[in-house]
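Report on the structure given below.
Since every read-out is calculated from the coordinates, none of them should be taken as a lab result. Since the structure is predicted, the reported quantities are computational estimates derived from the model, not experimental observations. Positions of Cβ are generated from backbone atoms using ideal geometry, with glycine treated the same way; all protein chains shown enter the neighbour counts.
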Amino acid sequence: MYKVFLNKFKSQWIPTRVVICIMMFTCCWTSYMCRLQMSILAVPMIKTLEDQQSSNGACAEQETSKSRRSVFIDSEDSSEDFNKNGNFTHVFLPRKINTTDAVLLSDDNDNTYYNYTDALILDTRKSKRTTGFHLFSNAPFEWTPFIRGQLISAYAWGNVPGNFLGGVLAQKFGPRRAVLWSSILASFVSLATPILAQLSWIALLLSRVIIGLTGGVTFPACHTLVAKWSPPDEKGRFVWTLQGGTFGSIFLFGIISGIAEKINWESGWYIPALSMMVWIVFWWFLAYDSPEEHPYISEKEKQFIVQSLSVSVNLEKPSFSNTPILKILKSIPFICLVLCHFGNVFLLFFYQNGMMLYQTKALGFKLTKGGVVSGLPWASRVLFAFVFGWIGDTIKRKDKLSVTALRKCATVFSHFLPGVCLIIVGYLGCSMVWANVFLVLALGFNGAASISNLSNNQDLSPNYAGFLYGIMNTVGSLSGIMISPIVEEVAGKWGHPIEKWQILFWIGAIVCITCMVIFIIGGSGQVQSWNEVRSNNPHRPNPTSSNQEESTATTKT
């Protein structure tokens, strides 16, 4: 009865391919939730010596106007703080003080202070975590910047092989099952993360590697769904649904940081994990690998999708043994696409792994406000991506540009302009409003990736789109391994001063622009000859091959 009602409702009101789009959108959302947790929660979870020495943020120490600090940042000045009982607790100075010259004092609450002629400084030794398990204590770990960098980058360690594995699993078992089992594993590991962190930072690192491994399955699987479900004139909007992770980031930075600040950082792991478990149920009932396998799709919609894809997509699932791996790896257009995609992923990981540290440690925002501000660039990316996707579909439908020209022009927006914006941010110093304006614009322009590198694998080979994306993201995710250690080495060990972040913004800009130039030189938007699937049934005609031959004959005529 339930299935009959569901079938009738969807056939009358919601096209099945729209439901698939919604599930892909939320799939990417949950994937990003697991991806972003460590980079957000590393701020309240880990307190380094360098953080304690510059607790107000690098820019807070440079501020001379008390009113401006109260509006834009949440750093404490030399005014007294009081607890709920009205008793004096502590004060902070906007400068570093040598504690070796101080006289040690204590109060009735067993807080330790250093006495100076102009202020009192709270001894950070009270915040040290004692041995044993202390769940929901909200006590931070006293680890080094090196450890923090490794923990943030650990997701990418698993994501690198995970993307290749995801492409293989989507090809062999189908995207529905690949996402299902990887999501189940990710949710349980995320739920156990606070306990693993109590054991040691090595256990926490290994858990992040596992979650990265499962996260690598998501996008190759979704690209396989795009290839099987999207009519050519709707491809840009289908690819836009993969911005679900970006859309989720708008809220995740604020939500997870808010949970950590208002409740405790442990809940920042538990609540998203439980939410993901609920989503898994919907994925199982609503997502299917292709129109032919969907039990509730209307016959009219099924025929529309199948016939529109018959030019380039084989109805028979390609097996891994028939995949032309060597031809793919030697393809110049694909190699250029991989490098172009590396620049795009480098920018995304730069934001994911570095922006919370930049906002809280360099600019001086507190955790929740830093999370909200860090989410704003992702909001602009979703909006810009939708606009660029609509423009790309319109240009293709009206034949204003060739597919190759469209992809290459789009990289100017997705790679070059973000690089320019990053360079500008580096020279804005502590101008918090303008720095965040250009950070928003940088990631906003990167929304054009939806019609450049994020769509180009569909152009080169619709039959192997998921497998291609697995290779692309495998290489691209190497940037996630690099970025966090680079950030901690260049800026972290110095307390995240603005002048060190200027170097980091230059690095990000150079990578983005260089990868764009490579793609413009060698990229292509044409279906490649190795897209043809060798049928396992020798008596079954290959529609891909015949359609390509017809297309070639038409071109010659």
Positive-end residue of TRP284, PHE334, THR368, charge dipole of the stretch 268-370 with Cβ unit charges: THR368
Residues whose placed amide H lies under 5 Å from that of ILE46, excluding near-sequence neighbours: PHE141
Neighbourhood net charge (14 Å Cβ-Cβ; Lys/Arg +1, Asp/Glu -1) for ALA192: 0
Over the stretch 361-454: Rg over Rh, Cα atoms, Kirkwood Rh: 1.09
Approximate shape of the stretch 432-479 as ellipsoid semi-axes (Cα gyration tensor, √5λ), whole Å, largest first: 30, 13, 5
Whole-Hz couplings from phi, Karplus 6.51/-1.76/1.60, listed for the stretch 143-152; x for Gly and Pro: 10, 8, x, 4, 5, 4, x, 5, 5, 5
The stretch 453-470 - phi-based ³J(HN,Hα) in whole Hz, Karplus 6.51/-1.76/1.60, Gly and Pro as x: 5, 6, 10, 5, 5, 5, 5, 5, 7, x, 5, 10, 4, x, 5, 4, 5, x
Cα gyration tensor shape for the stretch 394-443, rounded if a/c is under 1.5, else prolate or oblate: prolate
Listed residue pairs exceeding 22 Å between alpha carbons, taken from LYS361/LYS500; LYS172/LYS408; LYS235/LYS398; LYS235/LYS396: LYS172/LYS408
Residues GLU261, GLU293 arranged by fewest to most Cβ contacts within 10 Å: GLU293, GLU261
Neighbour-count ranking [beta-carbon atoms within 10 angstrom, fewest first] of TRP284, TRP143: TRP284, TRP143
Cβ charges +1 (Lys, Arg) and -1 (Asp, Glu), total dipole of the stretch 271-414, debye: 720 debye
Environment charge at LYS302 (Cβ cut-off 11 Å; Lys +1, Arg +1, Asp -1, Glu -1): -2
Sequence of LEU274, LEU406 once ranked by neighbouring C-beta atoms within 10 Å, starting from the fewest: LEU274, LEU406
Taking the C-alpha atoms of the stretch 221-364, convex hull volume expressed per residue in Å³: 177 Å³
³J(HN,Hα) computed for each position of the stretch 171-180 - Karplus, 6.51 cos²θ - 1.76 cosθ + 1.60, integer Hz, glycine/proline x: 6, 8, 10, x, x, 4, 6, 4, 5, 4
